[in-house]
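Working notes for the structure below.
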Amino acid sequence: MNAVTHNDLVYYQFACWPGLKHGMFTRKGGVSDAPWASLNLGGTQGDDLDAVRHNHDLMYEAVGVDPAKACTTWLVHSADTVIVNGPVQGRRWVALADGMVTDQPDVALVMRYADCTPLMYHDPVQGVVGAAHAGWRGTVTGAASSVVHTMVDAYGCKPRDIQVGIGPSIGPDRYQVGEEVVQAVVDYYGTTDSLIRRDPADGTAYLDLWAANTLDLQRAGVEQIEVAGICTATRTDEFYSHRAEKGRTGRFGTVIAL
């Protein structure tokens, strides 16, 4: 990944997409006050909504997308993916879903995170982009592969042509989970190998969201995957972390557009 600075904003771009409009934005460069300081893009955490809207404008300007064509979803920790052709009139979000795809130029797909896994998709052959939000619930129900299947069904994409970037999320050394999550991993993947690590001292379980989403994508036929490998719970200087900051925090954002 490559770090980019635009005015006071700092964001990352995947190395495989040098000409694609996209970015995974850090918490730096916005106007929100603590504890949401400073580029908070979440409007339901208690921050001033004027500040959140201004932060969105800063993000769009940095990447060079039209705010009037920006689309997002109301995130519900699902594995549902929707086809997006543009904003829905009279509403800030297009659907209740955790995945989006589009083949429309300049239609920006925008999502928000604070430990869950950002996934960004590009098929340069068919001219399609996608985005997904995968917490543990989405991960163990196929949020990552859902976007792939939708790209294939809706646009005729071939999985081998689809490139996926897995962005910053809580890392495998910090994401302690309960036994119900372990069972959900077994139910979906059929194994916990390389997905669940046990603490040798007390046997508690830790989930590797990066490995789990990578495996889901590979099973869907995706071969080109780049993993950021940045832990949000460790790097709260750059990213918001719901777990590390005990829920009192903002949301960082991703944006991608043809």
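The values are calculated or read from the model by the stated rules, or taken from the named source; none is laboratory data. What you see is a predicted model, and the numbers here were worked out from it, not measured in a lab. Positions of Cβ are generated from backbone atoms using ideal geometry, with glycine treated the same way; all protein chains shown enter the neighbour counts.
Annotations for the structure displayed:
- The range 3-29, residues that are part of a loop (DSSP other than H, G, I, E, B), surrounded by fewer than 23 Cβ atoms within 10 Å (Cβ to Cβ) and polar (S, T, N, Q): Asn7
- When Asn85, Asn55 are checked against the criterion of being part of a loop (DSSP other than H, G, I, E, B) and modelled with pLDDT of 95 or more, a single residue qualifies: Asn85.
- Taking first residues from the range 131-148 that are in contact (Cβ under 8 Å) with a residue 40 or more places away in the chain and basic (Lys, Arg) and partners that are assigned to a helix (DSSP H, G or I) and surrounded by 24 or more Cβ atoms within 10 Å (Cβ to Cβ), the Cβ contacts under 9 Å between residues at least 6 apart in sequence or on separate chains come to Arg137/Ala143.
- Given (1) surrounded by 18 or more Cβ atoms within 10 Å (Cβ to Cβ); (2) out of contact with any Asp or Glu (no Cβ under 7 Å at 6 or more places or on another chain); (3) within 27 Å of Gln45 (Cα to Cα), number of the condition Arg137 does not satisfy: (1)
- Qualifying residue in the range 30-41 (condition: under 18 Å from the mean Cα position of the chain (by Cα), without any contact (Cβ under 8 Å) to a residue 60 or more places away in the chain and surrounded by 18 or more Cβ atoms within 10 Å (Cβ to Cβ)): no
- The listed residue being more than 26 Å from Ala70 (Cα to Cα), hydroxyl-bearing (Ser, Thr, Tyr) and touching a helix residue (DSSP H, G or I) at 6+ places or on another chain (Cβ under 8 Å), out of Thr117, Thr141: Thr141
Each row is one residue, and each column tells you yes or no for (1) touching a residue at least 40 places away in the same chain (Cβ under 8 Å); (2) in contact with a strand residue (DSSP E or B) (Cβ under 8 Å, 6 or more places away or on another chain); (3) aromatic (Phe, Trp, Tyr).
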| position | (1), (2), (3) |
| --- | --- |
| Tyr60 | yes, yes, yes |
| Val65 | yes, yes, no |
| Cys71 | no, yes, no |
| Trp74 | no, yes, yes |
| Asn85 | no, yes, no |
| Ala95 | no, yes, no |
| Gly99 | yes, yes, no |
| Asp103 | yes, yes, no |
| Leu109 | yes, yes, no |
